[in-house]
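Below: one structure, written as structure tokens.
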Amino acid sequence: MKKFSFRLQRLLDIRQKLEDEQKIVLAKASGDYQLEVNKKNRILETVSHFRDSIKGKPPDINELRAFDKLLTDSDAAIRVIEIEMEKKRKIMEKELAKYTKLKQDKRAVEILKEKALNEHREAQKREENMEIDEIGKNVFIRKNLPDN
């Protein structure tokens, strides 16, 4: 029996490598975006914690000034971070589109390989059946031949 050999295996290997490389690029872009999201969340948490800390007691002018400065600074920082988040989100979406395209390209070759493998298996089954039929025919002929 002949061993299965896919004639486009090299192409499949190349596409797999390209997909793997793009997956790494996408993970980096996603990590960069998530880093910006985390920065924004930390700022919002800091403001929330400070707000909670001054809630239950009578207002102190120094605390109110500090809170006002914190709000002003955090608003400015959040605006800058949101601009950066938008840039990184667009980069991440672009990399995701590339990854999706590479994955589709690889899948197309995988489908061809699956079809070729199924055809190979069918051919092997036909060949095996022909061999079994030949053996059966030979046994039948030997049994039914008159003894000489």
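Any read-out appearing in this document is the output of simple, stated calculations on the displayed coordinates, not a laboratory observation. Only a predicted model underlies this, so the values are computations on that prediction, with no experimental measurement involved. We place every Cβ from the backbone using ideal geometry, glycine too, and count neighbours over all the protein chains shown.
Look at the dipole of the chain built from charges on Cβ: of GLY31, GLY56, ILE132, the Cα furthest out on the positive end belongs to ILE132.
If you sort the three axes of the alpha carbon gyration tensor as a ≥ b ≥ c, you get a/c of 1.5 or more for the stretch 67-148 and a/b above b/c, which makes it prolate. Approximating the spin labels as points 7 Å out from Cα along Cα→Cβ, the ASP13-to-ASN38 distance works out to 3.8 nm. Placing a pseudo-label 7 Å from each Cα along the Cα-to-Cβ vector at LYS101 and ASN144 gives an inter-label distance of 6.6 nm. The share of C-alpha pairs in the chain whose separation exceeds 18 Å stands at 76 percent.
Here the gap between ILE111 and GLU21, fully extended at 0.36 nm per residue and compared with their Cα-Cα distance, gives a gain of 30.3 nm. Exposure proxy for ILE83, ILE43: other Cβ atoms within 10 Å of each Cβ, ordered fewest to most, give ILE83, ILE43. Counting only alpha carbon atoms, the long axis of helix 9-55 and the longest principal axis of the chain meet at about 20°.
Against the main long axis of the alpha-carbon atoms of the chain, helix 61-144 sits at an angle near 10°. Counting only DSSP H runs of at least 4 residues, each contributing -39500 (n - 2.57), and dividing by the residue count of the chain, the helix-based mean residue ellipticity at 222 nm comes to -33500 deg cm²/dmol.
Length gained on full extension, LYS94 to ASP60, computed as 0.36 nm times the residue gap minus the Cα-Cα distance: 7.3 nm.
Each of THR100, THR72 has some number of other Cβ atoms within 10 Å of its Cβ, and from fewest to most they run THR72, THR100.
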